[in-house]
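First the structure, in the form of structure tokens, and then the observations on it.
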Amino acid sequence: MSDTEAGNGRRSSLHGFWSSKLAFILAVTGSAVGLGNIWKFPYIAGENGGGAFVLIYLLCVFGVGLPIMMSETMLGRRGRRNPVASMALLGEEEGGGSWWAVIGLSGVIAGFLILSFYSVIAGWVLAYVVKSISGVFVAADAASVKTLFGSLAGDWRETAIWHTVFMIITVVVVARGVERGLEQAVTLMVPALVAILLILLGFSAATGEFEMGVRFMFEPDWSKVSGATVLAAMGQAFFTLSVGMGCVMAYGAYLPQETSIPATATAVVCADTLVAILSGLVIFPIVFANGIDPMAGPGLIFEALPLSFGNMPGGVFFGTLFFLLVGFAALTSAISLMEPAVAWWVERFGATRARASTVIGVIIWALGFLSVFSFNLLSDFKFLNGTFMDNFDYVTSNIMLPLGGLLITIFCGWVMSENSVTDELNIGQSTLYRSWRFLTRFVAPVAVVLVFLNAVGWLDWLLAGAATT
Ligand code: PHE
């Protein structure tokens, strides 16, 4: 399309456009589907008691995450710049002031923090590709798999090497700007991942405690729910969808004007949810059949999955392919985690993409050592929520992303003129539009605020106060 066609008359994006609607869906799906679905969802669900957590998570994904994904895409496309500059510009244009750029800035910082530990976990995934090929999973039992994982995580040198490998791959891809090729690969990766998960599901159903696993995931035990559980579920919804930190906004900046935002966002959210639920359904039957503690934490999938691969026909092949695909899914997410910072640096200081991504990559890599050490040298050094890695994860997922999402909903629902919104969303005054507007103005912001208040215990206090007056 030509630049002048843009509904808001905005010049073209500085970085070009996606070649098609599909390319954008693939890029955002690549960002969304990653370790959040396969590694984090099962372990956070395990730590938070299953069923009730999963239901709250699903409510947050569709009631809060989906409208925010639409909003974020819309802001990116309207701003046509990196998230910091887009929000500064839109803030000015809509009469809210350029300080709205804080949304972009907090996203840049969140991207640094998230990628610093994300890369460490992705490094383990790469290590597991090699382990799988070497056949160490064959005929594995719960004890041997636990030892295997323990010796990887406990060895900071080995963990650091894989973290370094993963960061180098990420930086090379971002620097060369070859993401478009990778995005196409998502058309293969996500279906292949789903296919392997289905094979694993069959194996879990045949050999694991399937019924127990399903019950654990879907039978809500409300007595286990606390303010912290609800916050964790909401944080996981933001994390898994990559919303609240400008990733989707950065990608939205390259979206052609005529593409339907609701359709693309819905497709991404459904694909993401499918992968997460499948992953949980695969993991928990194995967990219960082998006496693994569902609260095992970040090592959960590394302790559970090799048991399946080690005992199923063709396990070496499927195991290797599976960890390769997960590594690939992590890469497409890692790229998106760097995008807000890289786009910002390039536009702000006129640096080349190569230079910007290298410098940013080195900073994130160095920061990553705090997460590398969280499992060995500094594993006993705990503050606030635990180790450095626990804290990076907690602060980003449970605080920064929801806060970013809250500001995004306030901006789209209350600051932006309805004219601009309808112009950009381009779905008229349809029911779809009215539902989005209702979710964005009321449901999502109120939900985020309530979850925050609930987590710090103020909600009970306020309700008690209301009841006595
Ligand atoms: N959504 C990604 C995942 O599930 C992680 C991510 C979070 C990516 C935030 C970008 C922004 O693995």
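The values are calculated or read from the model by the stated rules, or taken from the named source; none is laboratory data. Here the structure is a predicted model, which means the values were calculated and not measured. Positions of Cβ are generated from backbone atoms using ideal geometry, with glycine treated the same way; all protein chains shown enter the neighbour counts. Just the protein is used for accessible areas: all its heavy atoms, side chains included, with ligands, DNA and RNA removed. Shrake-Rupley method; radii C 1.70, N 1.55, O 1.52, S 1.80 Å.
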* To do: Would you check which residues across the range 392-417 are open to solvent by 10 Å² or more (accessible area, probe 1.4 Å), under 20 Å from Y43 (Cβ atoms) and polar (S, T, N, Q) and list them?
  => N398
* Structure fact -> Scanning the range 252-285 residue by residue, those open to solvent by 10 Å² or more (accessible area, probe 1.4 Å) and closer than 16 Å to A329 by Cβ turn out to be A271, T273, L274, I277, L278
* Asked: Residue check, I168 against (1) among the β-branched types (V, I, T); (2) open to solvent by less than 30 Å² (accessible area, probe 1.4 Å); (3) touching a Phe, Trp or Tyr at 6+ places or on another chain (Cβ under 9 Å), all met but one. Which one?
  -> (2)
* Structure fact -> Of the listed residues (L439, L450, L462, L432), the one being under 14 Å from L66 (Cα atoms) and open to solvent by 60 Å² or more (accessible area, probe 1.4 Å) is L432
* Asked: Would the range 208-215 turn up any residue that is more than 16 Å from the ligand (Cβ to nearest atom) and under 22 Å from G36 (Cβ atoms)?
  -> yes
* **Subset of the range 206-217 (residues that are part of a helix (DSSP H, G or I) and surrounded by 16 or more Cβ atoms within 10 Å (Cβ to Cβ))** => T207, F210, G213, V214, F216, M217
* Structure fact -> All-but-one check, V173 against (1) modelled with pLDDT of 95 or more; (2) under 30 Å from W18 (Cα atoms); (3) of a type in the set (A, V, I, L, M), failing number (1)
* Can you tell me how many residues in the range 34-60 are within 16 Å of the ligand (Cβ to nearest atom) and outside any helix (DSSP H, G or I)? -> 1
* **Odd one out for G50, checked against (1) at positive phi; (2) open to solvent by 10 Å² or more (accessible area, probe 1.4 Å)** => (2)
* Structure fact -> Restricting the range 232-278 to residues that are assigned to a helix (DSSP H, G or I) and aromatic (F, W, Y), the one farthest from the ligand (Cβ to nearest atom) turns out to be Y251
* Restricting the first residue to the range 194-207 and requiring it to be at negative phi and touching a residue at least 40 places away in the same chain (Cβ under 8 Å), which pairs with a second residue that is aliphatic (A, V, I, L, M) and part of a helix (DSSP H, G or I) meet a Cβ separation below 6 Å and a spacing of at least six or different chains? -> L197/L278; L197/V282; L200/V282; L201/L281; L201/V282; S204/V282; S204/I286
* Asked: If we scan the range 87-97, do we find a residue that is surrounded by 24 or more Cβ atoms within 10 Å (Cβ to Cβ), assigned to a helix (DSSP H, G or I) and at pLDDT 95 or above?
  -> yes
* Asked: Residues of the range 344-373 being among the hydroxyl-bearing types (S, T, Y), open to solvent by 40 Å² or more (accessible area, probe 1.4 Å) and either part of a helix (DSSP H, G or I) or in contact (Cβ under 8 Å) with a residue 24 or more places away in the chain (or both), which ones?
  -> T358
* Asked: Looking at (1) among the hydroxyl-bearing types (S, T, Y); (2) surrounded by fewer than 22 Cβ atoms within 10 Å (Cβ to Cβ); (3) at positive phi, can you tell me which one S223 breaks?
  -> (3)
* Asked: In the range 431-469, which residues are among the polar types (S, T, N, Q) and under 19 Å from T73 (Cα atoms)?
  -> S435, T440
* Asked: What is the number of the single condition among (1) within 16 Å of the ligand (Cβ to nearest atom); (2) open to solvent by less than 10 Å² (accessible area, probe 1.4 Å); (3) touching a Phe, Trp or Tyr at 6+ places or on another chain (Cβ under 7 Å); (4) not basic (K, R) that P298 does not meet?
  -> (2)
* Being under 18 Å from N426 (Cβ atoms), crowded, with 21+ Cβ neighbours inside 10 Å and modelled with pLDDT of 95 or more narrows it down to one of S71, S13, S31, so name that one. => S71
* Can you find even one residue in the range 99-119 that is at negative phi, open to solvent by less than 10 Å² (accessible area, probe 1.4 Å) and away from the ligand (no atom under 16 Å from the Cβ)? -> no
